[in-house]
Amino acid sequence: MSVSVLCGVKDRSEHLLQSYKSWLDCECVDEVVIVDWGSKDPISQKLDDNEKLKIIQMNPNHTKYWAF
């Protein structure tokens, strides 16, 4: 069984920074996808490199609603 973790974030990253390493440590988790929805300081600058970690940087100026 494989698991993907999907998380959306915008500027309020303190809980994510406390949690994401435990997601990466889970053997059943194949990938952690973090969607940064236009944070002032991109979340990618605050996370450690990891092969399971994928970061998608969105530009909210081009979309009307936040929807995955």
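How many residues are part of a helix (DSSP H, G or I) and open to solvent by 90 Å² or more (accessible area, probe 1.4 Å) when one looks only at the range 34-46?
Within the range 34-46, residues that are part of a helix (DSSP H, G or I) and open to solvent by 90 Å² or more (accessible area, probe 1.4 Å) number 1.
Which of the residues that make up the range 29-40 are within 11 Å of Val9 (Cβ to Cβ) and over 8 Å from the mean Cα position of the chain (by Cα)?
Of everything in the range 29-40, those that are within 11 Å of Val9 (Cβ to Cβ) and over 8 Å from the mean Cα position of the chain (by Cα) turn out to be Trp37, Gly38, Ser39.
So, in the range 1-28, of the ones that are open to solvent by less than 50 Å² (accessible area, probe 1.4 Å) and under 25 Å from Pro60 (Cβ atoms), which residue ends up modelled with the lowest pLDDT?
Ser13
Tally up the residues in the range 47-63 that are surrounded by 11 or more Cβ atoms within 10 Å (Cβ to Cβ), in a loop (DSSP other than H, G, I, E, B) and at pLDDT below 90, please.
Looking only at that region, the number is 1.
Give me the pairs: first residue in the range 9-33 and within 14 Å of Ser44 (Cβ to Cβ) and assigned to a helix (DSSP H, G or I), second residue open to solvent by 70 Å² or more (accessible area, probe 1.4 Å) and not hydrophobic (A, V, I, L, M, F, W, C), beta-carbon distance under 8 Å, and six or more apart or on different chains, which are they?
Every condition considered, the pairs that remain are Leu17/Lys46.
Could you list all residues from the range 29-45 that are modelled with pLDDT under 90 and charged (D, E, K, R)?
Answer for the range 29-45, where residues must be modelled with pLDDT under 90 and charged (D, E, K, R): Asp36, Lys40, Asp41.
The values are calculated or read from the model by the stated rules, or taken from the named source; none is laboratory data. These figures come from a predicted structure and were not determined experimentally. Note that each Cβ is placed from the backbone with ideal geometry, even for glycine, and that neighbours are counted across all protein chains shown. For accessibility, only protein heavy atoms count, side chains too; no ligands or nucleic acids. Shrake-Rupley method; radii C 1.70, N 1.55, O 1.52, S 1.80 Å.
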